[in-house]
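Engineer: Following this message is one structure expressed as C-alpha cells.
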Amino acid sequence: MDYQKVIEEVYNEVLDENPRGKVATYIPELENVNPDQFGIALVDLEGNVYGVGDYQVPFSIQSISKVHTLTMVFHVFKSKLWSRVNVEPSGNPFNSIAQLEFEKGIPRNPFINAGALVITDALCSKFKEPVKQISDFINEISGQNCVKIDHQVKNSEKNHSERNTAMAYFLKAYKNFDNDIAEVLDVYFSHCAMEMSCVDLAKSFSFLANDGYSIFANREIVSESHARRINALMLTCGFYDESGEFAFRVGLPGKSGVGGGVAAVMPHKFSIAVWSPELNEKGNSVKSVKALELLTDKLSFSLF
Ligand SMILES: NC(=O)CC[C@H](N)C(=O)O
C-alpha cells in the first residue's frame, strides 16, 4: 500500500474542497494560531513515517492528551477505576455540567472533561510529579523528546476555567475527587497545553494499533485486552456528541482536541494524526475529519 501517495491525494482533495469552521475561542490563546495550517502523518507498524503539509509543526493537543492520561491510569488502577468513571458515550457537549449532576458525580466516560478530571485526579494520587510523569510517558511512547508545554495556552485556559473548576467541585461534592482541586486543575491544564506535531502524535498512538506494544518504547505499554478497551472507548466516546457520526463517516477509533488535532488508529496496520485548527460546532476539526473520511474510503478499509 502506497501510504504516501494516498495521504497526498487526501491532502490535495481536502484543500480543493476547503471546508471551513472556526478556531476555538473559549481558550483565548488558541485564537492566535494560523487557521490555514493542515498536516497529516501516518506511521505504520514498522515505524515508517509518511507525512504531508504541516505534519511536523507542533500544535496544542488539548483533549487528545486524555488518551495518554487514561492509558497511564488504566495500567496502574486496572478495574478499580471503573467505579469512578463510566464507559458510555455522552451524547452531550464535552463540558456539560447538567449531565454530571444528573448522573450523581460519575462521569459518563473518561474523555468528556468531567471524566478526564477524575483520571487526572487519579494520576495525582499515584505520582509525585504528575506533569513530569505524563511528559516522560508521552516522550517514551513517541520515541523522542517531543513534548513541550505551551505556558501561554495553559495560563489562558487557567484564566477562563470556570466550567472545569465548577465540574471539579461537583465531583468533590459527590466524593469522586481525592486531591486538592487547584492542583489537579493545574495538572489538567498542563497536559491539555502540551504541544506535539502530527508525526509525534501518530507515533505516540502506535501502541494502540499494535495490541498495546510500542515499537518506539520497545515494550508493552498495556496488555492486548486493555488496548482493545481503550480503542473501544475512542470509537464510542472520542468525538463527544459526534462520536456516532465519526464512526459512521470514518470508522476508526480516534480522539479529537479543540486545538484541531485528531489522532486515530487502524488496528494492526497504522496510527495517524491529522491537524487543522478550524472546528465545527461540536469542537472537532473540519478538515481533519474530512481527511480521515477520504482516507478510509480510498483505502477501502476501516474497522468495519
Ligand atoms: N475538547 C477539548 O479539547 C477540551 C480540552 C480543554 N482543555 C477543556 O478542558 O475544555
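Engineer: Angle between the Cα long axis of helix 3-17 and the longest principal axis of the chain, 0 to 90 degrees, nearest 10?
Structural biologist: 80
Engineer: For Glu220 and Glu17, compute 0.36 nm times the residue count separating them, minus their Cα-Cα distance, and round to one decimal in nm.
Structural biologist: So the chain would gain 69.0 nm between Glu220 and Glu17.
Engineer: Which of the aspartates and glutamates could a cross-linker bridge to Lys255, judged by Cα under 17 Å and excluding same-chain residues fewer than eight apart?
Structural biologist: Counting by Cα, and skipping residues close in sequence, Lys255 has these aspartates and glutamates nearby: Glu88, Glu195, Asp200, Asp241, Glu242, Glu245, Glu278, Glu281, Glu293.
Engineer: Relative contact order, percent, of the chain when contacts are C-alpha pairs under 8 Å separated by at least 6 residues?
Structural biologist: Relative contact order comes out at 28 percent.
Engineer: Residues with beta-carbon under 13 Å from that of Val10, excluding Val10: net charge, scoring Lys, Arg +1 and Asp, Glu -1?
Structural biologist: Net local charge, Val10 excluded: -4.
Engineer: Continuing with this model, one more query. If you wrap a convex hull around the alpha carbons of the range 170-224, what volume per residue comes out, as a whole number of Å³?
Structural biologist: Residue-normalised Cα hull volume stands at 134 Å³.
Engineer: Mind checking Rg over Rh on the range 118-219, alpha carbons, Kirkwood formula for Rh?
Structural biologist: 1.03
Engineer: If I fit a long axis through the Cα atoms of helix 181-192 and take the longest principal axis of the Cα atoms of the chain, what angle between them do I get, 0 to 90°, rounded to 10?
Structural biologist: 0
Engineer: Can you work out D for the chain in µm² s⁻¹ from Stokes-Einstein, where Rh is the Kirkwood radius over C-alpha pairs, the temperature is 25 °C and the viscosity is 0.890 mPa s?
Structural biologist: D, rounded to a whole number, is 131 µm²/s.
Engineer: Take the alpha-carbon centre of the range 1-79, take the same for the range 207-244, and report the distance between them in whole Å.
Structural biologist: Measuring centre to centre over Cα atoms gives 16 Å.
Engineer: What pairs in Lys158/Lys287; Lys104/Lys282; Lys126/Lys172; Lys22/Lys269; Lys126/Lys175; Lys132/Lys282 have C-alpha atoms more than 22 Å from each other?
Structural biologist: Lys158/Lys287; Lys104/Lys282; Lys22/Lys269; Lys132/Lys282
Engineer: Can you tell which of Val153, Ser225, Gly91 lies farthest toward the positive end of the dipole of the chain, using +1 and -1 charges on the Cβ of basic and acidic side chains (Lys, Arg; Asp, Glu)?
Structural biologist: It is Ser225.
Engineer: Still on this model: Using only Cα atoms, find the angle between the long axis of helix 130-142 and the longest principal axis of the chain, and express it within 0 to 90 degrees, rounded to the nearest 10.
Structural biologist: Taking the Cα atoms of the chain, the angle to 130-142 is about 20 degrees.
Engineer: Please report the carbon-and-sulfur percent of the accessible area for the chain; probe 1.4 Å, protein heavy atoms only, DNA, RNA and ligands left out.
Structural biologist: Exposed carbon and sulfur together represent 48 percent of the surface.
The values are calculated or read from the model by the stated rules, or taken from the named source; none is laboratory data. Note that the structure is a prediction, hence the values are computed from the model and not measured. Here Cβ is always computed from backbone atoms with ideal geometry, including for glycine, and neighbour counts include all displayed protein chains. Ligands, DNA and RNA are excluded from the accessible area calculation, which covers all protein heavy atoms including side chains. Shrake-Rupley method; radii C 1.70, N 1.55, O 1.52, S 1.80 Å.
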